[in-house]
Each structure stands twice: as structure tokens, then as C-alpha cells.
Amino acid sequence: MKLTLAQKIIKNHLVSGDIFEGREVTVRIDQTLTQDSTGTMAYLQFEQLGKDRVETELSVSYVDHNMLQTGYQNADDHYFLQTMAARYGIHFSRPGNGVCHQVHLERFSRPGSTLLGSDSHTPTSGGVGMLAIGAGGMDVALAMAGEPFTMPRPQIIYVNLIGRLPDWVTAKDVILTILGKLSVSGGVGSIIEYGGEALSTMTVPERATLTNMGAELGATTSIFPADGITRQYFIAQGREEDFVPLTADEGAKYDRVIEVNLSELVPMVAKPYSPDNVVPAEDLADVKISQVCIGSCTNSSYVDMMRVAEILRGRTVHPEVSLAIAPGSRQVLTMLAESGGLAAMLAAGARILESGCGPCIGMGQAPRTDGASLRTINRNFYNRSGTASAKVYLCSPEVAAVSALTGVITDPRRTDYRLPQVENPAKFAVNDNMIIPPLPIEAARQVEIVRGPNIQPFPVGRAPEEGDLTHEALIVLGDDISTDHIMPSTAALLPFRSNIPKLAQHCLEPCDPTFPQRAREAGGGFIIAGRNYGQGSSREHAALAPVQLGIRAVIAISFARIHLANLINNGILPFNFICPADYDLIEQGDVLTLPDLAAQIREAANGKNVKLINQTKGKTIELYLAAGSQQIEYLLHGGRLLYAKAKSKS
Ligand code: MIC
Ligand code: SF4
């Protein structure tokens, strides 16, 4: 049988299921990664599993998100993570070493292997031919404990890249163009595989920009072959031994094929508030900007940064623009310093930030009121920057750098700037001294785990009752609600990622600030939503905070993959409307009953629909429980952790 790239890796890691048939596949996980804002929860959950050491080939704990230390909370959480890593055999990438995906690509990625990460942009390592998947903290905790990972059996979309990128047009413009074509839900249920003649012109960091933003398409992951260019990258990283060639079989079958002619592309910009809201940069020439942020796991490779440096060299940032630059990793920052690029940035007036997520997750650099901020990041959801009235636009580093000089969104092709010529280096600056390797097992057992006062117990779900469950429809939401809406993350809230009771007070605040209080007063309830509910970040907090508030079910037209798994893992019932138009039959405040709940959930495992009665409107609505048979077992126990505990007792 001819296989695609992803199918080959799935086949080599298959634990159960079939690549060509059935609803789900279950695969063995070789590597895991966590970052600090999701990691604290993942490790608290891992602890509950009672293991002595991680059972993966490699697990890495990164600190890159919660970098501002405006109080003790983040520093405490970082030390908790460090002691956890030492105790359980995990590599620890210290704060300052860089953004997890950039560092993982550089130092740990491996073609043909599987990686599960508690961050939605984990697919970045797909740029070297790895099957790298983002997941919620609990799925990653279980993978660290040696459990395989189950995903809906993916469709395979093949993107055939032809032609050659014109001057000033970049990998970012390719993925923004694809987002414009497919939309933020266009990749749901799919793995995106890249191939075609244009691959011979694409470097690994460029490929990684595409696989990174496959997350914005809702894809399970994205992947490139591991070819001669990939091998050169591994040689330049001083780890040729990790290179394994990987190509799709000639004649492999794809569920969908898309062709993108790079020669026809232009510099693109995504307008607020969605990464698929794209237009050519030149259409926005009248948009005055007050801020430019360059960096993030999408666009902060050495070449990205050096191009920016060369554009800025000898010039001055526009007086009304604040330019912030966060190089993606210490490797990139070191090379920028050594090559003189950093000096050019500083001379132009750039504000250099440490290597971390920074403005991308609202950790500082919130724009001014009503300000337009042009960023090289991957998400521009409402309020993510930390300033609700700000408008965030997404673009390539080249467009960002030129616009920082002109003060308006600028298509560089319409200027007389010269295109900087920067090549990938033959050797990267390799220095792993900020990655603390695991301790031998005996020494690890002596490590004391240090928990600051910010670390609070997390809430657990409830098993469905043997009777009716009646609750109010607490809120009715529209399409494409992101986890940034459900559980906002700003510099003020991120320090509470290990304190769910505190965080829950802000659940769904961007949609309705009264929601947390109303939920508490009602003693819990149901959430009603449109399409693609829970897109974006993998943060499990977007399920944990609703559990804390007593939310028992989310009834949506459709869900994003990671959030759906997070709801199930934490015991919130996810339902789809059998008939999407029935969404209109529920209004906020309606009283809804799920009759004979536990019995209905058990029957759902046999493929039966679930009945919901809208008491207020006197209507009966048919629902579908959006869970596989194994997941229904988790739900019957009140979530995956309770299920795992019950299993280990029996
Ligand atoms: C993001 O880019 O949205 C984040 C912040 O990295 C999240 C993780 C988080 O919310 O902590 C993600 O992508 O999963
Ligand atoms: Fe960090 Fe932004 Fe990348 Fe998320 S998308 S990992 S916040 S840099």
C-alpha cells in the first residue's frame, strides 16, 4: 500500500486503529514537550498518575510564556517546573533559552518520530518531517506516563507547492494565503502534507513557518518530507545523527489536493480579529500603526531576524511606532549579536525583548488604546494583545520591518528598499548549557518538588447523573469562539495558570463579563456555541475554568480538535446539534433538560442520539455526543483522570 508522510509515521507508531478505516487511530508517542503556561497543570496531572519517571524517549519542559515576573507567581511556577523536571527525568529548558517550538526544532526535533506537546503550535517540528501534534495538558501527562495518544483518524490534505517565491514574498505569505483559501476551520480533522517542485527552494525555518500556522487552520498537524535540505539543517545544528530521510510514496492517495503557485503570491496581511481574514498588504496602505512586534514561534528564525536587521540597518524607526523584537531562541539571539544584526536593530531604535513568547501571548507590550499593532505572530484574536480596543494585524517580518520605518502598513514592493540577501548559516551557534538534562534515577528520587502558594488544586469533573440534568443555557455564542475568548490570557491573568479558582473568575469575559458570576449564581449550566468552538490555543484552562464554574455540557454546531479533547478529558459533555439549524432554538436563559442523563450517555456509545428538551420553548432537540467509545467511558467517570484512577484501582 502506498503511504503518505503522515501515514508512514502513524503506521510505524500504530497501537490500535487503521490508517485507512474507522474513526480513530492510536499512536505511540516518542517525545513530549510542555511550556510553562500549560505545563504546571500537565505536571500536576502527571503526578496523579503515580509514575516514578517519564516513559517517553525524551520529554522537555520549556519556560517561555510567563516570563514577566511582576510578582512571585511566575517565578514560583518556574521553580516548580524545574524541580518536577529533575524529579521525573525531564529536560528543562530554562527561561531565556527561547520559545519551545523554535528550540525544539533546533535541538530535539527528529524526522519520522512522534511528538505530543501541550501547546497548539507543536506542529512546528513538522517542518523537519516529524509527526508533531498539539494537545491538552492531560493528554501530554498521559503520554509522559507511557500512554499512547488517540486522535480522530485524519484526512490527508496534500498541498502541492509549485513556482518560486517572488522578491519580498515569504513563507508567511504562503500560509496566510492558504488560510484565506481554507479558513480557520478548513484543516479540522486533517493532516496537511506539503510537497511539490518548490520544496527545493524552501529552507527548514520557512517550512516550519508553514507547519506552525497549520494550527490556525485547525489541522491536526502539518508535515514536510525530510530531504536534503532537512539534512543540511541537521548538519548545521551539529546533529546529523538525528536525521532520518522521509518521503511520501509515489502514488500515495490524498483526500484532497490543493495547488499553490508561489510565483503568483504577494505580501499578505491578516486583519483583526482572525488569521484567515487576509488581504494583500498593499490594500492596507492607509492603516497607520503605533506598534510593530517581530518574533514568536512563527517568525523568529535567524534568517527572519537578519532580514529585519538588514532592512533596519542605517535607518530609524518611525517616530510614532514602537518596534519590539523578540528573537525566537538564544541561538538566534547569539547569532544576531555575533553577526552585527543586533547592533543594527538597536541603532534603528528597536526595543529588544528576551527570547520568549512576549507580546504574542500578551506578556507585555500591550498596544495603546485603539492602537493598530502589526505583528509577525500567528494569532490576532480579539483582546489577545492585552488591549481590548487594539487592532492586531499579522504579516511577515519583512513587511513588519519596512512598516516600522514608514509608520503605515507597507508592501515593501512599493518602496525603494533593497531586498536583503541572507542565507541560512552552514553552522548554527550551538550551546545547550541552558537545557538541564535529566538526573539519573537514584538522584532524581531524592529531589524535593517545590510548590509555591500559587499552585492550587485543580477541579475535577462529575460523572453524569442517573436521572435528569436540568440547567440554564447560560450563554449563546457565535462561530469561531477561540480559547482566548473562553479563558483569556494577559500579563495579569497568566500568572494564575496554576490557580484555576482565580482564573475561573474571568472565564468568557471577552464575550460577556457577567458570565462567571451568572454561572456561579446559577450553580452551573450549559454553554451553547456555533461552529469551530474552542479554536486556537491548547490551554486546558478553557475546560478547567468551566468545570470550576459548574458547566456540565457544551452544545455546539462543531468543535476544534484540541478543545474537544480537553472538554472530554475533564468531564464536560460535548454535544453537536444533529441539525445545525436547531442552534436557533436555544436562547440565553432557556431552561434545558437532558433526561435520564447517564442512560443516554451509555446509549450514545451504541450510536444513539441524545435528547435535549428546551423546557422554555417546549421543543425537543436531537444531539450527537461528540466522543469516541473510549472517550464515552472517560465521560461516564467524570473525566480521564478519574477514569485512569478507577482503572488503576480495579
Ligand atoms: C498560544 O499561542 O495561544 C499559546 C499561548 O501558546 C497556547 C498555549 C497557552 O495558552 O498556554 C497554545 O498555542 O496552545
Ligand atoms: Fe508562544 Fe505565541 Fe508561539 Fe504560542 S504562538 S507558543 S504564545 S510564541
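The values are calculated or read from the model by the stated rules, or taken from the named source; none is laboratory data. What you see is a predicted model; the values in this text were computed from it and never measured. Ideal geometry is used to build each Cβ from the backbone, glycine not excepted, and the neighbour counts take in all protein chains shown.
Taking LEU116, is it buried (at least 23 other Cβ atoms within 10 Å of the Cβ), away from ligand 2 (no atom under 14 Å from the Cβ) and farther than 17 Å from GLN31 by Cα?
The answer is no for LEU116.
Which residue pairs have Cβ atoms closer than 9 Å, lie 6 or more positions apart in sequence or on different chains, and pair a first residue in the stretch 118-132 that is over 17 Å from LEU217 (Cβ atoms) with a second residue that is within 16 Å of ligand 2 (Cβ to nearest atom) and of a type in the set (Asp, Glu)?
Final answer for the pair search is SER118/GLU540.
If we scan the stretch 227-237, do we find a residue that is within 16 Å of ligand 1 (Cβ to nearest atom) and modelled with pLDDT of 95 or more? Reasoning before the result, please.
Filtering the stretch 227-237 for residues within 16 Å of ligand 1 (Cβ to nearest atom) gives none.
The answer is no, given that none of the residues of the stretch 227-237 is within 16 Å of ligand 1 (Cβ to nearest atom) and modelled with pLDDT of 95 or more.
Counting just the residues of the stretch 518-541 that are hydrophobic (A, V, I, L, M, F, W, C) and under 18 Å from ALA627 (Cα atoms), which one comes out surrounded by the fewest Cβ atoms within 10 Å (Cβ to Cβ)?
Taking the candidates together, the pick is ALA529.
Can you tell me which residues in the stretch 1-22 are closer than 12 Å to ASP249 by Cβ, part of a loop (DSSP other than H, G, I, E, B) and either touching a Lys or Arg at 6+ places or on another chain (Cβ under 6 Å) or not β-branched (Val, Ile, Thr) (or both)?
Those that are closer than 12 Å to ASP249 by Cβ, part of a loop (DSSP other than H, G, I, E, B) and either touching a Lys or Arg at 6+ places or on another chain (Cβ under 6 Å) or not β-branched (Val, Ile, Thr) (or both): MET1, LYS2, LEU3.
Of the residues PRO464, PRO397, PRO457, which is closer than 28 Å to GLU216 by Cα and not charged (D, E, K, R)?
Exactly one of PRO464, PRO397, PRO457 is closer than 28 Å to GLU216 by Cα and not charged (D, E, K, R), namely PRO397.
Confirm whether ARG531 is under 30 Å from ASN380 (Cα atoms), more than 16 Å from ligand 1 (Cβ to nearest atom) and in contact with a Phe, Trp or Tyr (Cβ under 8 Å, 6 or more places away or on another chain). Can you show your working first?
On the way: under 30 Å from ASN380 (Cα atoms): yes; more than 16 Å from ligand 1 (Cβ to nearest atom): yes; in contact with a Phe, Trp or Tyr (Cβ under 8 Å, 6 or more places away or on another chain): no.
Here the answer is no, as ARG531 does not meet what is asked.
In the stretch 449-487, which residues are of a type in the set (Asp, Glu) and not in a helix (DSSP H, G or I)?
Result: GLU465, GLU466, ASP468, GLU472, ASP479, ASP480.
Of all residues in the stretch 421-445, which are aliphatic (A, V, I, L, M) and either in a helix (DSSP H, G or I) or free of Cβ contacts under 8 Å to residues at least 40 places away in the same chain (or both)?
Within the stretch 421-445, ILE441, ALA443, ALA444 meet the criteria.
Is there a residue being in contact (Cβ under 8 Å) with a residue 12 or more places away in the chain and either in contact with a strand residue (DSSP E or B) (Cβ under 7 Å, 6 or more places away or on another chain) or within 16 Å of PRO148 (Cβ to Cβ) (or both) anywhere in the stretch 67-79?
no
Please identify the pairs in which a residue from the stretch 363-382 that is closer than 27 Å to LEU210 by Cβ has its Cβ atom under 8 Å from the Cβ atom of a residue that is more than 11 Å from ligand 1 (Cβ to nearest atom) and among the aromatic types (Phe, Trp, Tyr), counting only partners at least 6 apart or on another chain.
Going by the 8 Å Cβ cut-off, the qualifying pairs are ALA372/TYR393; SER373/TYR393; LEU374/TYR393; ARG375/TYR393; ASN380/TYR273; ASN380/TYR393; PHE381/TYR273; TYR382/TYR273.
If I go through the stretch 458-491 residue by residue, how many of them are closer than 25 Å to HIS78 by Cβ and free of Cβ contacts under 8 Å to residues at least 60 places away in the same chain?
1
Need the failing condition index for VAL63 against (1) closer than 20 Å to ILE361 by Cβ; (2) more than 25 Å from the chain's Cα centre (by Cα), just the number.
Of (1) closer than 20 Å to ILE361 by Cβ; (2) more than 25 Å from the chain's Cα centre (by Cα), only one is false for VAL63: (2).
Which one of the conditions (1) within 16 Å of ligand 2 (Cβ to nearest atom); (2) surrounded by fewer than 18 Cβ atoms within 10 Å (Cβ to Cβ) does GLN365 fail to meet, given that it meets all the rest?
(2)
Given the criterion surrounded by fewer than 20 Cβ atoms within 10 Å (Cβ to Cβ) and on the phi > 0 side of the Ramachandran plot, identify the matching residue among GLY251, GLY228. First the steps, then the outcome.
Details: GLY228 fails: on the phi > 0 side of the Ramachandran plot.
The conditions single out GLY251.
Which condition does GLY50 not pass, out of (1) closer than 29 Å to VAL332 by Cα; (2) at pLDDT below 95, if it passes all the others?
Only one criterion in (1) closer than 29 Å to VAL332 by Cα; (2) at pLDDT below 95 is unmet by GLY50, namely (1).
In the stretch 117-170, what count of residues is obtained for those that are within 16 Å of ligand 1 (Cβ to nearest atom) and among the charged types (D, E, K, R)?
2
So, in the stretch 374-402, how many residues would count as being within 16 Å of ligand 1 (Cβ to nearest atom) and within 28 Å of PRO95 (Cβ to Cβ)?
The total comes to 13.
Of the residues HIS78, HIS104, only one is within 16 Å of ligand 1 (Cβ to nearest atom) and either modelled with pLDDT under 95 or under 30 Å from GLY195 (Cβ atoms) (or both); which? Lay out the reasoning, then the answer.
On the way: HIS78 fails: either modelled with pLDDT under 95 or under 30 Å from GLY195 (Cβ atoms) (or both).
Only one candidate qualifies: HIS104.
Specify which of the listed residues (ALA529, ALA504) is in contact with a helix residue (DSSP H, G or I) (Cβ under 9 Å, 6 or more places away or on another chain), closer than 21 Å to PRO457 by Cβ, at pLDDT 95 or above and aliphatic (A, V, I, L, M).
ALA504
Determine, yes or no, whether ILE325 is modelled with pLDDT of 95 or more, of a type outside the set (Phe, Trp, Tyr), more than 16 Å from ligand 1 (Cβ to nearest atom) and surrounded by fewer than 24 Cβ atoms within 10 Å (Cβ to Cβ).
It is false that ILE325 is modelled with pLDDT of 95 or more, of a type outside the set (Phe, Trp, Tyr), more than 16 Å from ligand 1 (Cβ to nearest atom) and surrounded by fewer than 24 Cβ atoms within 10 Å (Cβ to Cβ).
Residue check: is ASP64 more than 19 Å from HIS104 (Cα to Cα) and within 16 Å of ligand 1 (Cβ to nearest atom)?
no
Of everything in the stretch 171-200 that's more than 22 Å from the chain's Cα centre (by Cα) and not in a helix (DSSP H, G or I), which residue is nearest to THR122 (Cα to Cα)? Steps first, answer last, please.
Taking the stretch 171-200 as the starting set, the residues that turn out to be more than 22 Å from the chain's Cα centre (by Cα) are 195-200.
Now restrict to residues that are not in a helix (DSSP H, G or I): 195-196.
Details: GLY195: 20, GLY196: 24 Å.
In this case the residue turns out to be GLY195.
Just to check your reading of the model, which residue among GLY356, GLY349, GLY371 is of a type outside the set (Phe, Trp, Tyr) and within 16 Å of ASN74 (Cβ to Cβ)?
GLY356
Does any residue of the stretch 166-183 turn out to be in contact with a Gly (Cβ under 7 Å, 6 or more places away or on another chain) and surrounded by fewer than 24 Cβ atoms within 10 Å (Cβ to Cβ)?
no
Test ASP76 against the stated conditions and say whether it is within 16 Å of ligand 2 (Cβ to nearest atom) and of a type in the set (D, E, K, R). Lay out the reasoning, then the answer.
Numbers: within 16 Å of ligand 2 (Cβ to nearest atom): no; of a type in the set (D, E, K, R): yes.
In short, no.
Considering only residues that are small (Gly, Ala, Ser) and within 21 Å of VAL447 (Cβ to Cβ), which ones fall in the stretch 50-92?
Here is the first cut: in the stretch 50-92, the residues small (Gly, Ala, Ser) are 50, 59, 61, 71, 75, 85-86, 89.
Within the stretch 50-92, GLY50, SER59, SER61, ALA75, ALA85, ALA86, GLY89 qualify.
Can you list the strands (runs of 3 or more DSSP E) found entirely within the stretch 309-401 that contain at least 3 residues being out of contact with any Phe, Trp or Tyr (no Cβ under 7 Å at 6 or more places or on another chain)?
The strands (runs of 3 or more DSSP E) meeting that bar are 322-326, 391-394.
Conditions first: (1) within 16 Å of ligand 2 (Cβ to nearest atom); (2) part of a loop (DSSP other than H, G, I, E, B); (3) not hydrophobic (A, V, I, L, M, F, W, C). ASP512 passes all but one, so which condition is the exception?
(1) is the only condition that ASP512 fails.
What helices (runs of 4 or more DSSP H), lying completely within the stretch 23-127, carry at least 2 residues that are among the polar types (S, T, N, Q) and out of contact with any Phe, Trp or Tyr (no Cβ under 7 Å at 6 or more places or on another chain)?
Of the helices (runs of 4 or more DSSP H) lying wholly inside the stretch 23-127, those with at least 2 residues that are among the polar types (S, T, N, Q) and out of contact with any Phe, Trp or Tyr (no Cβ under 7 Å at 6 or more places or on another chain) span 36-48, 72-88.
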